[in-house]
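First the structure, in the form of structure tokens, and then the observations on it.
The values are calculated or read from the model by the stated rules, or taken from the named source; none is laboratory data. For clarity, every value in this text was computed on a predicted model and none was experimentally measured. Glycine gets a Cβ as well: all are built from the backbone with ideal geometry, and neighbour counts include every protein chain shown. Heavy atoms of the whole protein, side chains included, go into the accessibility calculation; ligands, DNA and RNA do not. Shrake-Rupley method; radii C 1.70, N 1.55, O 1.52, S 1.80 Å.
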Amino acid sequence: MNVYEVRKVHSCEFCGTEDETLTTRTTLDEAKTAAEHDAGLALTWEVSADGRGPLWADREDGVYRYYIYQWS
């Protein structure tokens, strides 16, 4: 069974990096919905350049980036 971990990351020169696990879900759609609920808006999901990394989305305001990791 797959598990999808949703992470929220903020990184800047003033704060450093803040990496928070928001939740885990059993389907990709549930994971996307959880991230979008936290962001307060619909997110555009992208695949990592190498195709092996997590899905990611930016809130477009540059404050947070969301990642979804798949574990089996």
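The convex hull built on the alpha-carbon positions of the chain has an orientation-averaged projected area of 5.0 nm².
Sparse packing (at most 15 other Cβ atoms within 10 Å of the Cβ) combined with a DSSP loop state is found for the following trypsin sites (Lys or Arg not before Pro) in the stretch 11-72: Arg52.
For the chain, the carbon plus sulfur part of the accessible surface works out to 46%, probe radius 1.4 Å. Quick one: helix 28-39 against the long Cα principal axis of the chain, what's the angle to the nearest 10°, folded into 0 to 90? Here the helix axis deviates by roughly 20 degrees. Sparse packing (at most 10 other Cβ atoms within 10 Å of the Cβ) combined with a DSSP loop state is found for the following chymotrypsin sites (Phe, Trp or Tyr not before Pro) in the stretch 1-65: Phe14.
Which of the GluC sites (Glu not before Pro) found in the chain are in a DSSP loop and have at most 12 neighbouring Cβ atoms, other than their own, within 10 Å? The partial results should precede the final answer.
On the way: sites: Glu5, Glu13, Glu18, Glu20, Glu30, Glu36, Glu46, Glu60; in loops: Glu13, Glu60.
In loop regions of the chain (DSSP not H, G, I, E or B), the sparsely surrounded GluC sites (Glu not before Pro) are Glu13, Glu60.
Dividing the summed helix terms, -39500 (n - 2.57) for each DSSP H run of n ≥ 4, by the number of residues in the chain produces a 222 nm estimate of -5000 deg cm²/dmol to the nearest 500. Averaged over its residues, the chain has an accessible area of 68 Å² per residue, based on protein heavy atoms and a 1.4 Å probe.
What residues from the stretch 16-38 fall in the zone where the backbone N is under 17 Å from a label point 7 Å along the Cα-to-C-beta line of Ser48? What the label zone holds, given the 17 Å backbone N cut-off, is 19-21.
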